[in-house]
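See below for the structure under consideration.
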Amino acid sequence: MEKKVTKIGVLTSGGDAPGMNAAIRAVVRTGIYHGLEVFGIMRGYSGMIENDIIPMHSRSVANIIQRGGTILKTARCKEFFEYEGRKKAHANLKKLGINGLVIIGGDGSFRGAHKFSNEFDIPCIGLPGTIDKDIAGTDFTIGFDTAVNTAVEAIDKIRDTADAHDRLFIIEVMGRDAGYIALHSGIATGAENILIPERKTDVEELVGSLLEKERRKKLVNLVVVAEGDGFGGADEVAKIIKDRLPAADVRVCVLGHIQRGGSPSCMDRLIASRMGYAAVECLIAGTDNVMVGIMNNRMHYTPLEKAVKAKQKISDDWLRIVKILAS
Ligand code: ADP
Ligand code: F6P
């Protein structure tokens, strides 16, 4: 017989992402609407292990939809990798009678949730919360749109200086394993080259294209590099370029964590609200162990196991667009 979910916990885990608060708000208010008791679990899986779990009410999530970060805080929790840690976490949930969980985080958090759910038979629903957009089964992840817009705003400013001084700027954006922030922000700011982890960069091609642009008196040169590209980030790329093009006036700018914070964009608030609402509906309907995503503007449900195994694919078309539009 299907188990009825009556008390649910919500947590944010892994790297924070703008829009996580909007997702928490949606989970809490949808849960309360359906007569569930809702608990907030502090600092990701750490709060589950340390019993840092608080009752949430409609007013607990007032005035947060516009705030970056996460009111539940987030953490990376070593103990949760071990069975003993997860057992402790389960004992704490059992004491409170929590029989359903919503986990807002990245693929690592889903890996943990998948294990936990299999071991202790607690239904878990994942919401993709990461600026990296590196999770299969969804066109969007909570935080990506805001992060890209932050990067675009910053790169536009750098373009002014690049133009004023005829400089070549190497700009590093976030993305240890994924090039989406680089690709989207690079195309949107008219970058000459975009270097991403998913594609092996051909040094000769990069240097050749910069030389060609110099010959054609291209005014502004911006190279956007994902932190996880094959070279090892913007500094390494700059070294190679300075070595091969000694006349170029090269500067490096690492955007870093400014991309993780700030008030979420409309898009992130919207998808977070839709996903948070859908997560609770899933728990009530008995659809467990899925990640809620949005594909082609419709809710899309991917088994947690599959969501952690595959990444989104970078389309060859996008890379062609970069080349053609930067000519
Ligand atoms: P993200 O969710 O943003 O990808 P991490 O990969 O750091 O972030 O994972 C967040 C947390 O999820 C980890 O600190 C750990 O507590 C838990 N976790 C990740 N992978 C596993 C795993 N294989 N087994 C158990 N827990 C995991
Ligand atoms: O996963 C999100 C992300 O911001 C990555 O783009 C980046 O590589 C990583 O987290 C940085 O993590 P931390 O804040 O722990 O240094």
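Tabulated data
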read-out: Selected residue (only one of ASP121, ASP52 is under 29 Å from MET174 (Cβ atoms) and either assigned by TED's automatic domain parsing to the domain that holds MET295 or out of contact with any Leu (no Cβ under 7 Å at 6 or more places or on another chain) (or both)); value: ASP52
read-out: Top-ranked residue in the range 158-186 [being away from ligand 2 (no atom under 13 Å from the Cβ) and among the aliphatic types (A, V, I, L, M); ranked as nearest to HIS257 (Cα to Cα)]; value: ILE171
read-out: Residue match in the range 206-222 (condition: within 16 Å of ligand 1 (Cβ to nearest atom) and in contact with a Ser or Thr (Cβ under 7 Å, 6 or more places away or on another chain)); value: no
read-out: Residues of the range 304-327 satisfying the condition of being small (Gly, Ala, Ser) and in contact with a Gly (Cβ under 9 Å, 6 or more places away or on another chain); value: ALA307, ALA310, ALA326
read-out: Test: residue in the range 155-162 that is open to solvent by less than 10 Å² (accessible area, probe 1.4 Å), outside the structural domain of LYS239 (by TED's automatic domain parsing) and in contact with a strand residue (DSSP E or B) (Cβ under 8 Å, 6 or more places away or on another chain); value: no
read-out: Test result for SER273, under 14 Å from PRO128 (Cα atoms), touching a residue at least 12 places away in the same chain (Cβ under 8 Å) and among the hydroxyl-bearing types (Ser, Thr, Tyr); value: yes
read-out: Residue among ILE24, ILE41, ILE8 that is farther than 14 Å from ILE98 by Cα and at pLDDT 95 or above; value: ILE24
read-out: Residue match in the range 281-295 (condition: at pLDDT below 95 and touching a helix residue (DSSP H, G or I) at 6+ places or on another chain (Cβ under 6 Å)); value: yes
read-out: Residues (within 16 Å of ligand 1 (Cβ to nearest atom) and among the hydrophobic types (A, V, I, L, M, F, W, C)) located in the range 161-188; value: MET174, ALA178, ILE181
read-out: Residues within the range 40-66 that are closer than 20 Å to THR146 by Cα and open to solvent by 70 Å² or more (accessible area, probe 1.4 Å), tallied; value: 1
read-out: Single unsatisfied condition, GLY108 versus (1) at pLDDT 95 or above; (2) within 10 Å of ligand 1 (Cβ to nearest atom); value: (1)
read-out: Residue that is most open to solvent (accessible area, probe 1.4 Å) [pool: residues in the range 67-107 that are within 16 Å of ligand 2 (Cβ to nearest atom) and of a type in the set (Val, Ile, Thr)]; value: THR74
read-out: Matching entry among ILE135, ILE131, ILE158 (being in contact with a Phe, Trp or Tyr (Cβ under 7 Å, 6 or more places away or on another chain), in contact (Cβ under 8 Å) with a residue 24 or more places away in the chain and within 11 Å of ligand 1 (Cβ to nearest atom)); value: ILE131
read-out: Hits in the range 1-35 (condition: open to solvent by 20 Å² or more (accessible area, probe 1.4 Å) and either of a type in the set (A, V, I, L, M, F, W, C) or away from ligand 2 (no atom under 16 Å from the Cβ) (or both)); value: MET1, GLU2, LYS3, LYS4, THR6, LYS7, ARG25, ARG29, ILE32, TYR33, HIS34, GLY35
read-out: Considering residues of the range 240-260 that are open to solvent by 30 Å² or more (accessible area, probe 1.4 Å) and modelled with pLDDT of 95 or more only, the residue farthest from the chain's Cα centre (by Cα); value: ARG251
read-out: So GLY40, is it in contact with a strand residue (DSSP E or B) (Cβ under 8 Å, 6 or more places away or on another chain) and away from ligand 2 (no atom under 15 Å from the Cβ); value: yes
read-out: Residue that is least open to solvent (accessible area, probe 1.4 Å), among those in the range 112-152 that are closer than 14 Å to THR302 by Cβ and assigned to a helix (DSSP H, G or I); value: ALA113
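This table checks each residue for (1) more than 22 Å from the chain's Cα centre (by Cα); (2) open to solvent by less than 90 Å² (accessible area, probe 1.4 Å); (3) closer than 27 Å to LEU210 by Cα.
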site: ALA285; (1), (2), (3): yes, yes, no
site: GLY293; (1), (2), (3): no, yes, no
site: MET299; (1), (2), (3): no, yes, no
site: PRO303; (1), (2), (3): no, yes, no
site: VAL308; (1), (2), (3): no, yes, no
site: LYS311; (1), (2), (3): no, no, no
site: ILE314; (1), (2), (3): no, yes, yes
site: LEU319; (1), (2), (3): no, yes, yes
site: ILE324; (1), (2), (3): yes, no, yes
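The values are calculated or read from the model by the stated rules, or taken from the named source; none is laboratory data. All values derive from a computational prediction rather than experimental measurement. All Cβ positions, glycine included, derive from the backbone under ideal geometry; neighbour counts span all protein chains shown. Keep in mind that these areas ignore ligands, DNA and RNA; they rest on the heavy atoms of the full protein, side chains included. Shrake-Rupley method; radii C 1.70, N 1.55, O 1.52, S 1.80 Å.
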